[in-house]
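The values are calculated or read from the model by the stated rules, or taken from the named source; none is laboratory data. Here the structure is a predicted model, which means the values were calculated and not measured. Cβ: placed from backbone, ideal geometry, glycine included. Neighbour counts: every protein chain shown.
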Amino acid sequence: MQLYSNSLTGYERLNTVPVTVGDLLLGGGAPIRVQTMTTFDTMDTIKTVEQSIRCIEAGSELIRITAPSKTEAENLLNIKNEIRKRGFTTPIVADIHFTPNAAEIAARIVEKVRVNPGNYADKKKFEFIEYSDQDYVEEIERIRDRFLPLIKICKEYGTAMRIGTNHGSLSDRIMSRYGDSPMGMVESAMEFLRIARSENYHQIVLSMKSSNPLVMVEAYRLLVKTMQDEFKLIYPLHIGVTEAGDGEDGRIKSAIGIGTLLEDGIGDTIRVSLTEDPEFEIPVCQDIVARYISKKKGSGILPVEKIPYSPFEYKRRKTRTVHNIGGTHPPVVVADFMHESHITRESLQRIGYEYDAITDKWKIGDAAADYLYTGDKIFDFDLPGTCNIICNYETWEKRGEKKSIAGEEKYFPLFFRDQLEKAHSWSPTMNFLSLNTNETISPELFSLLEKVPGLVLCLYSNNENPVLDTRRLMIELMNRNLDIPVILAIECSEITIDRQLIHFAVEAGALLVDGMTDGIWLINDPKKIMQSQVSGRTYLAANNNHQFLNNTAFSILQAARTRISKTEYISCPSCGRTLFDLQETTAKIRSVTSHLKGLKIAIMGCIVNGPGEMADADFGYVGSGPGKVTLYKGKEVMKRAVNSETAVDELINLLKENNEWIEPVASVEV
Ligand code: SF4
């Protein structure tokens, strides 16, 4: 094993302990299972049963149902009986927070219980507590006493268990000792796991969820390493990004977190948490898993002994600054206009630039592409100030005049390797080199890379395993202290928009999570894409492809927290505890706040879990009773029991009171 994975340079599933959940095998080499969670009140037996069946028919292999108290836990028997009566044997999982007595009832009924170690034996008061080592040992003993009855029941009834840590709901005890960190998440689960193992109970699955894909990836990796170091074996892992939101953003965030881990062979079952009906989560899970069903190991990727970065802690690769790429600049976005027969001012509207003919000015959106690759085309109009052109070297060379009319250098050449060696001239500012990852970084290439001024690599991979292959080359660059900025050029030939979203999110996201990217350049062939639905919106790819690619690129950068261009929504997927229509409310809040770039707003269904799980949101809108909402600033309650009719207006007022509100303005003029 290498650090946290069987291999860092070839696809291989991690060896995990097999766990049986009803008739279903999890881990131990079984296929990656997909699952979801119901959203109706658990006391509404028929609605919960019917929703469960819709999910099962969509392909869900486990169904999770919340059991907030003993009453709901008892009703799981009616739900289970009805599901079985209707001919479905799918295992049922009870979701438990705060209520060990509900867990102990549910464990006698369903095939698996999920407990949250952050709140199973602890109440959350957001307090810092100083513990001596002795105090801490006593705390662990207290947890043991609270947890042991459940273990005994699970052993007796053959019930499996997930120890499901959430980044947002770490106990005050863990936060005080380890901080709000992947290490804290790992220890939170390990405390419970050690107790279970000491009782010779091993039917355990673990999870380390966060709404931040970077944190969640680091936590899972660290958990794998910790289990391997301590037990010499690894329990199966349930993978997911929590409170991912809805639509494209929810899919992209989930694909980055889940996909990054699956690329490394980590993950035995997945859930995509979307603020949508749960049956819609299943096709997304299936699209993600499909990438790994017959995934090849990847040939020709050189082994690596030692990696020059920490996979457990985000740090961006140090690169030199070239123009506005690399260094401390956020990753750039390149729009590919190579196949566009004629580029007009209107064409640029699809990538964030709007031309106003009356004022002869450009309006620049927050998500406007930084570079356009035009192949051999040059423009017959002046470009917006922030937009630069990458064109083929010969065209750049022929153009002679390398400055725009305003005198600013706007066109930069793209070389292939042999052109770079034989070039008559280079741009004094910036030169792009298109480099296949299969190029050997020979001493000749190495010295050429050093010789060319302002070089930026545009890396692409034709390997069956492009993520590991590209990462391997990045490791090589780092080991050679070559700090040239790198733009990832990622091509996709998937035929649906949904699969394209996942492909781009995984292949760019997996490198962004390890801090290895200074820009992304997404490429597809719009003619091959079938029309498909993404959260109710139909993309006609042929017409809107540039817009789709541009939005996807900016959404990936935002989800990876490397470039913020819009408001971020952390919305829970809803469950039987939810106190309002989350989908409708999220849409309403989004419609009035989507211009507040950089602000993180949480929309959570219940007061029991919501405040804890809204993670690092700046403001929170949390259901606190039927028709009532509590508004938060960070973790602090600002307005209690607000009528839900006026709660969105009150949220806006709260933003105004905190100087976080700005009136919607479409864009900036230049
Ligand atoms: S925050 Fe949302 S998903 Fe979590 S328990 Fe509350 S209502 Fe359910």
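Residues that are more than 15 Å from the ligand (Cβ to nearest atom) and either within 26 Å of the chain's Cα centre (by Cα) or over 25 Å from Pro236 (Cα atoms) (or both) within the range 22-43 comprise Leu26, Gly27, Gly28, Gly29, Ala30, Pro31, Ile32, Arg33, Val34, listed in sequence order.
Okay, residues lined up against (1) of a type in the set (Ser, Thr, Tyr); (2) under 20 Å from Lys253 (Cα atoms):
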site	(1), (2)
Ala560	no, yes
Ile570	no, yes
Thr586	yes, yes
Ser624	yes, no
Thr630	yes, no
Lys633	no, no
Val637	no, no
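Among the residues of the range 129-155, those that are of a type in the set (D, E, K, R) and part of a helix (DSSP H, G or I) comprise Asp133, Asp135, Glu138, Glu139, Glu141, Arg142, Arg144, Asp145, Arg146, Lys152, Lys155.
Yes/no matrix, rows are residues, columns are (1) under 30 Å from Phe312 (Cβ atoms); (2) polar (S, T, N, Q):
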residue	(1), (2)
Met37	yes, no
Met43	no, no
Gln51	no, yes
Ser60	no, yes
Glu72	no, no
Pro91	no, no
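Thr552 satisfies every condition listed in (1) over 17 Å from Pro664 (Cα atoms); (2) among the polar types (S, T, N, Q); (3) more than 16 Å from the ligand (Cβ to nearest atom); (4) not in a helix (DSSP H, G or I) except (4).
For Thr319, are the conditions met, namely being among the hydroxyl-bearing types (Ser, Thr, Tyr) and over 23 Å from Ile441 (Cβ atoms)?
Working: among the hydroxyl-bearing types (Ser, Thr, Tyr): yes; over 23 Å from Ile441 (Cβ atoms): no.
Judged against the criteria, Thr319 is not a match.
Of the listed requirements (1) at pLDDT 95 or above; (2) of a type outside the set (A, V, I, L, M, F, W, C); (3) surrounded by fewer than 21 Cβ atoms within 10 Å (Cβ to Cβ), Thr552 misses just one: (3). Inside the range 131-154, residues that are closer than 26 Å to Pro18 by Cα and over 35 Å from the mean Cα position of the chain (by Cα) make up a count of 3. When you look at Ile662, is it within 29 Å of Ala67 (Cα to Cα) and out of contact with any Gly (no Cβ under 7 Å at 6 or more places or on another chain), yes or no? In short, no. The residue of the range 310-349 that is farthest from Ile564 (Cα to Cα), among those that are surrounded by 15 or more Cβ atoms within 10 Å (Cβ to Cβ) and of a type in the set (Asp, Glu), is Glu340.
Which of the residues that make up the range 253-275 are hydrophobic (A, V, I, L, M, F, W, C) and either touching a Phe, Trp or Tyr at 6+ places or on another chain (Cβ under 8 Å) or in a loop (DSSP other than H, G, I, E, B) (or both)? Those that are hydrophobic (A, V, I, L, M, F, W, C) and either touching a Phe, Trp or Tyr at 6+ places or on another chain (Cβ under 8 Å) or in a loop (DSSP other than H, G, I, E, B) (or both): Leu261, Leu262, Ile266, Val272, Leu274.
Only residues that are more than 24 Å from Val334 (Cα to Cα), not in a loop (DSSP other than H, G, I, E, B) and not hydroxyl-bearing (Ser, Thr, Tyr): list them for the range 416-447, please. Quick ask: steps written out before the conclusion?
Keep residues of the range 416-447 that are more than 24 Å from Val334 (Cα to Cα), which gives 421-422, 424, 440-447.
After this cut, where a residue has to be not in a loop (DSSP other than H, G, I, E, B) as well, the list is 421-422, 443-447.
Hits for the range 416-447 are Glu421, Lys422, Pro443, Glu444, Leu445, Phe446.
Filtering the range 293-313 for residues that are at positive phi and in contact with a Leu (Cβ under 8 Å, 6 or more places away or on another chain) leaves a non-empty set.
Out of all the residues in the range 233-274, which are among the small types (Gly, Ala, Ser) and either touching a strand residue (DSSP E or B) at 6+ places or on another chain (Cβ under 6 Å) or more than 22 Å from Asn465 (Cβ to Cβ) (or both)? Reasoning before the result, please.
First, the residues of the range 233-274 that are among the small types (Gly, Ala, Ser): 240, 244-245, 247, 250, 254-255, 257, 259, 265, 267, 273.
If the condition is that a residue be among the small types (Gly, Ala, Ser) and either touching a strand residue (DSSP E or B) at 6+ places or on another chain (Cβ under 6 Å) or more than 22 Å from Asn465 (Cβ to Cβ) (or both), then Gly240, Ala244, Gly245, Gly247, Gly250, Ser254, Gly257, Gly265, Gly267, Ser273 are the ones that fit.
Somewhere in the range 119-128, is a residue part of a helix (DSSP H, G or I) and within 16 Å of the ligand (Cβ to nearest atom)?
no
Could you go through the range 156-169 and let me know if any residue there is assigned to a helix (DSSP H, G or I), over 16 Å from His97 (Cβ atoms) and of a type in the set (A, V, I, L, M, F, W, C). So far as the range 156-169 goes, no, none of its residues is assigned to a helix (DSSP H, G or I), over 16 Å from His97 (Cβ atoms) and of a type in the set (A, V, I, L, M, F, W, C).
Among the candidates Ile601, Ile564, single out the residue that is more than 13 Å from the ligand (Cβ to nearest atom), of a type outside the set (Gly, Ala, Ser), within 28 Å of Glu313 (Cα to Cα) and assigned to a strand (DSSP E or B).
The match here is Ile601.
Going by the conditions given, is Lys70 surrounded by fewer than 21 Cβ atoms within 10 Å (Cβ to Cβ), modelled with pLDDT of 95 or more and charged (D, E, K, R)? Taking the combined requirement at face value, the residue satisfies it.
Scanning the range 491-533 for residues that are buried (at least 24 other Cβ atoms within 10 Å of the Cβ) and in a strand (DSSP E or B) yields Gly519, Ile520, Trp521, Leu522.
Of the residues making up the range 567-598, those that are among the small types (Gly, Ala, Ser), away from the ligand (no atom under 15 Å from the Cβ) and closer than 23 Å to Asn658 by Cβ number 3. The lone criterion from (1) under 13 Å from the mean Cα position of the chain (by Cα); (2) more than 21 Å from Asp616 (Cα to Cα) left unmet by Pro283 is number (1).
Quick check, is Lys209 within 25 Å of Leu511 (Cβ to Cβ), part of a helix (DSSP H, G or I) and charged (D, E, K, R)? So Lys209 fails the test.
Taken over the range 10-52, residues that are touching a Gly at 6+ places or on another chain (Cβ under 9 Å), surrounded by fewer than 21 Cβ atoms within 10 Å (Cβ to Cβ) and not in a loop (DSSP other than H, G, I, E, B) amount to 1. Within the range 606-651, can you find the residues that are under 20 Å from Glu243 (Cα atoms), more than 15 Å from the ligand (Cβ to nearest atom), in a loop (DSSP other than H, G, I, E, B) and charged (D, E, K, R)? Selection gives Asp616, Asp618. Inside the range 97-113, residues that are over 31 Å from the mean Cα position of the chain (by Cα), under 15 Å from Gln203 (Cα atoms) and within 16 Å of the ligand (Cβ to nearest atom) make up a count of 0.
Identify the residue in the range 276-297 that is touching a Phe, Trp or Tyr at 6+ places or on another chain (Cβ under 8 Å) and either crowded, with 20+ Cβ neighbours inside 10 Å or of a type in the set (Lys, Arg) (or both) and, among all such residues, is farthest from Arg54 (Cα to Cα).
If we filter the range 276-297 for residues that are touching a Phe, Trp or Tyr at 6+ places or on another chain (Cβ under 8 Å), which is where we start, we get 292, 295-297.
Applying the additional criterion that residues be either crowded, with 20+ Cβ neighbours inside 10 Å or of a type in the set (Lys, Arg) (or both) yields 295-297.
Values: Lys295: 29, Lys296: 33, Lys297: 35 Å.
For the range 276-297, the residue satisfying everything is Lys297.
Here Ala94 meets each of (1) within 16 Å of the ligand (Cβ to nearest atom); (2) closer than 21 Å to Met161 by Cα; (3) free of Cβ contacts under 8 Å to residues at least 12 places away in the same chain with one exception, condition (3).
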